[in-house]
1. Out of the residues in segment 50-71 that are surrounded by 12 or more Cβ atoms within 10 Å (Cβ to Cβ) and in contact with a Phe, Trp or Tyr (Cβ under 6 Å, 6 or more places away or on another chain), which is nearest to Pro8 (Cα to Cα)?
2. Could you name every one of the strands (runs of 3 or more DSSP E) located completely within segment 38-122 that has at least 2 residues being farther than 15 Å from Tyr21 by Cβ, at pLDDT 90 or above and not hydroxyl-bearing (Ser, Thr, Tyr)?
3. In the list Val69, Val48, which residue meets the criterion of being aliphatic (A, V, I, L, M), within 15 Å of Leu104 (Cβ to Cβ) and in contact (Cβ under 8 Å) with a residue 24 or more places away in the chain?
4. Would you check if Val25 is among the hydrophobic types (A, V, I, L, M, F, W, C), within 21 Å of Arg9 (Cα to Cα) and in contact (Cβ under 8 Å) with a residue 24 or more places away in the chain?
5. Select from segment 72-90 the residues that are among the charged types (D, E, K, R) and closer than 20 Å to Ser107 by Cβ and write down the one among them that is surrounded by the fewest Cβ atoms within 10 Å (Cβ to Cβ).
6. With the condition kept exactly as written, say whether any residue in segment 37-49 is farther than 15 Å from Ser74 by Cβ, of a type in the set (Asp, Glu) and surrounded by fewer than 10 Cβ atoms within 10 Å (Cβ to Cβ).
Amino acid sequence: MFHLSITPRITVTIGGLTRSYLAYVTTAPAELDLPKTVTVEQGPFEEVIGLAADPVTVDVARTRLPARVVLVESGDRAWQRTTYRGNHHLFLEADRWLVSFEKLQSSLWQRLERRVAKPVAA
């Protein structure tokens, strides 16, 4: 059976390496990320959670949490979901209209440009 994913995605090719990433909203800290997982946006829970595809109940305890939009390589999705949820963090599909391809592309370019702009220590 064909399954149409509504999760925002972006495919990145650098040199001969191509990776497909899916966008999720999480409350997990970066320490739980795989090395290939990329944070494209972070901020207070009440601001970032609005980028999730499905509505989430906001309670007082959650408002103190930071949240992030992350890109997870498609092959690592199950592991990353299990790790986040196993540590009691949210792992939600991002909204494909609010987290568009253009937004993901722009965020990745900004991250690359920041890395290039950093002076190299001699």
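1. If we take residues in segment 50-71 being surrounded by 12 or more Cβ atoms within 10 Å (Cβ to Cβ) and in contact with a Phe, Trp or Tyr (Cβ under 6 Å, 6 or more places away or on another chain), then Leu71 is nearest to Pro8 (Cα to Cα).
2. Correct list: 38-44, 66-73.
3. That would be Val69, the only listed residue that is aliphatic (A, V, I, L, M), within 15 Å of Leu104 (Cβ to Cβ) and in contact (Cβ under 8 Å) with a residue 24 or more places away in the chain.
4. It is true that Val25 is among the hydrophobic types (A, V, I, L, M, F, W, C), within 21 Å of Arg9 (Cα to Cα) and in contact (Cβ under 8 Å) with a residue 24 or more places away in the chain.
5. Filtering first and then ranking leaves Arg77.
6. Checking segment 37-49: not a single residue is farther than 15 Å from Ser74 by Cβ, of a type in the set (Asp, Glu) and surrounded by fewer than 10 Cβ atoms within 10 Å (Cβ to Cβ).
The values are calculated or read from the model by the stated rules, or taken from the named source; none is laboratory data. Values in this document were obtained by computation on a predicted structure and should not be read as measured data. For neighbour counting, all protein chains shown are included, and Cβ atoms are generated from backbone atoms with ideal geometry for every residue, glycine included.
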